[in-house]
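Before any comments, here is the structure.
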Amino acid sequence: MSFAFTYDVPIDEGFYRKIQDRLGADLPAGLITHLAIKIPQGGLRYIDVWESEADFARFAEDRLHPVVHPLLETMLGDVPAEPEHVPLSVIHVWGAGGTFN
């Protein structure tokens, strides 16, 4: 079953681009889709759909945190707590990558 969540981060598009550049173009195993959007109150909202929660956890530990934490330390002087991930109940994902339920 797919694992999906959303969370808001207090960063701008420039910071997001730095993360993207350091992550590289290779898609992580298990990623179905990732959407980053600007939100009116400032910051970005991520909406992620993964094949499993374990796939996301592995990506976060092995690739995402090693990139994001040093950037945050440089920008803020420390690494704030992980933003709250709000689970989403996926019933269907339809896109160029295929169909997932």
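Descriptive notes on the structure:
- Cα gyration tensor of region 49-101 - equivalent ellipsoid semi-axes, whole Å, descending: 29, 12, 10
- Between helix 65-76 and the chain: long-axis angle, C-alpha atoms, 0 to 90°, nearest 10: 30 degrees
- Estimated at 0.36 nm per residue, the fully extended path between residue 33 and residue 78 surpasses their Cα-Cα distance by 13.3 nm.
- Evaluated over the chain, the Cα radius of gyration and Dmax, each in Å: 13.9, 42
- Exposure ranking of 1, 75 by accessible area [1.4 Å probe, largest first]: 1, 75
The values are calculated or read from the model by the stated rules, or taken from the named source; none is laboratory data. Since this is a predicted model, take the numbers as computed values, not measurements. Ligands, DNA and RNA are excluded from the accessible area calculation, which covers all protein heavy atoms including side chains. Shrake-Rupley method; radii C 1.70, N 1.55, O 1.52, S 1.80 Å.
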